[in-house]
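A short write-up of the structure that comes next.
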Amino acid sequence: MLRSLHVFLFVILISIVTAGYQTVRVYGKLTCKGQPYGGAKIKLYDHDTFTLDDKLAEGRSNADGTFDLEGMGNERTRLNVKMNIYHRCDKTIPLCYYKHSFPVPYTYISAGPRATNPYNVQTLELSMLEKERDCFNKK
C-alpha cells in the first residue's frame, strides 16, 4: 500500500513539474544556390504579442547545411513558435545578415519536456527567399 502511494505521489509530482511545458523540434537543410550552406544562425522563438519574444533554442547549420534544433517553453497558453534564419547567402557586402522568419505550425508543438512530432522543413534554398536585413545578429 505504501509503495502504491509513493508511485502515485511521484506521478503527481512529475505532472506538476512538467505542467505548462511545451516543446518544439525543427530540422532540415539549408542551401545557397544549390550548395549546402553551413554556419547559418538559426533561432526558435515563442512569439509574444505584448512582451518580448522568448528564445527557445539557438544553433547553427552544419557544413552539409543540415540543422536540428529543439526548444522548450513554459507557458500556460499555446506556444506561438517562429524560426528565424540569419545568413549571408547571395550577399556581396558582409556588413549585415539576411533574416527570414517562418511560423512553426501548432501541430508540431508537443506538451511536455520532449518533442514528439518534429517539424521537417525539408530543404530551404536561401537565395530564393524574401530578404530582410538584420544588422544586430553578428556572429
GLU125 neighbourhood, Cβ < 14 Å, K/R = +1, D/E = -1, net charge +1
Residue separation times 0.36 nm, minus the C-alpha to C-alpha distance between GLN35 and ARG60: what's the value? 7.4 nm
Using Cβ contacts closer than 10 Å as the measure, can you line up ARG25, ARG78 from fewest to most? ARG78, ARG25
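Any read-out appearing in this document is the output of simple, stated calculations on the displayed coordinates, not a laboratory observation. All values reported here derive from a predicted model rather than from experimental measurement. Note: ideal-geometry Cβ built from the backbone for every residue, glycine included; neighbour counts use all protein chains shown.
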